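Asker: Here you go, one structure.
The values are calculated or read from the model by the stated rules, or taken from the named source; none is laboratory data. All values derive from a computational prediction rather than experimental measurement. Ideal geometry is used to build each Cβ from the backbone, glycine not excepted, and the neighbour counts take in all protein chains shown. Just the protein is used for accessible areas: all its heavy atoms, side chains included, with ligands, DNA and RNA removed. Shrake-Rupley method; radii C 1.70, N 1.55, O 1.52, S 1.80 Å.
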Amino acid sequence: MFNITDVTTMTSSQIVLIVRSTLLIVMLLSFCIFLYFVTIILYVFCTSPHIRENARYVLFVHMLINDALLLTVLIFLFLVVIYVVYIPVPICYTLATFSASAFRVTPYNLAVMSLERFYAICYPLRHAEVCTMQKSLLAIGVMWILTLIPQLIDFVAMCYSMPNNFFSTSLICTWQTFARNSFQVTSRSLNETITFTLVGLVIFYTYVRVMMVARKIGSGRCSAFKAEKTVLLHALQLGLCMMSFTSSFTNIYLRDYFFFIPITNFLLFMCIPRFISPLIYGVRDEVFRKHMRRMNFSV
């Protein structure tokens, strides 16, 4: 017969399983809705030449594609960790490297989008010259170079600490698994700190300048006020991305008390900032909203 302790333990396990399953279902449903809006926005972008040649929308679509790929990889790796699935090291390291790079691309993209709004409002005569589709593609290339260089340094440092047969083994795939020496830990923390600090300063500067122009004009319906709100939303999204760094501390110190802390952190600080991107920048934008209405009417 079961004693009271066994019943309590079994009940707690069932509660943890139900909570975890519920959060997983919410996450996967939200991800499907996110992909639905991303698909519509990409269709509008690809079928509208005047949108496709606009630097602002090129950067926005790049951010959406990056976030969609990042979330796909992150959700896969999260499920792998939850269900304790071992995968080969080369595949794991490739996925982990891509997710780390794509994670850092998002704040860079937010900074460039804020600068585009800054030029559109503060230097409207130079906006068409500075913010072109070609320069947007160049900026996207620079973003990826800036994120891949630290990964290359990390890989070289890791190879010095790994045994010869490491890449022929399998493991539970997490990015922390490949931090085998103090140099990697320090360089990762330093890179993330520099990235988010620089991006935060850029967004803060552009917001203040755009806000000054908006207050000078004094019309609540002008494009400057809309740009001010857009840059503020960039700052909000950056703040949510930065909150993901707190997950490591909460996972360590609160996991013994709340078994669903890891998935809650993952949903709140990794997924939600990217789930809301299509709503903030796509549905909110008049151009995309107009095309979406036409699509709905045609259906």
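Asker: Report the chymotrypsin sites (Phe, Trp or Tyr not before Pro) located in region 10-85 that are in a DSSP loop and have at most 15 other Cβ atoms inside 10 Å of their Cβ, or state none.
Answerer: Tyr83
Asker: When Lys and Arg each count +1 and Asp and Glu each count -1, what net charge do the other residues less than 12 Å away from Ala179, Cβ to Cβ, add up to?
Answerer: In short, +1.
Asker: Still on this structure: Set the Förster radius R0 to 30 Å, insert the Cβ-Cβ distance between Gln176 and Leu138 as r into 1/(1 + (r/R0)^6), and round the FRET efficiency to 0.05.
Answerer: E(calc), rounded to 0.05, equals 0.35.
Asker: Taking the Cα centre of region 47-126 as the origin and placing charges on Cβ (Lys, Arg +1; Asp, Glu -1), which of Tyr123, Ile91, Ala111 is farthest toward the positive end of the dipole?
Answerer: Tyr123
Asker: Which three extents, in whole angstrom, do the alpha-carbon atoms of region 158-222 cover along their principal axes, largest first?
Answerer: Answer, in whole Å and largest first: 66, 22, 11 Å.
Asker: Which one, Ser101, Ala227, Met212, projects farthest toward the positive side of the charge dipole computed for region 87-236 from Cβ point charges (K/R +1, D/E -1)?
Answerer: Checked the options; the winner is Met212.
Asker: What Kirkwood Rh does region 64-130 have if only Cα atoms enter the pairwise 1/r average? Answer in Å.
Answerer: 14.3 Å
Asker: Over region 148-215, give the accessible area per residue in Å² for a 1.4 Å probe, as an integer.
Answerer: 59 Å²
Asker: Sort 271-279, 167-175 by the packing proxy (mean of other Cβ within 10 Å over each peptide's residues), most packed first.
Answerer: 271-279, 167-175
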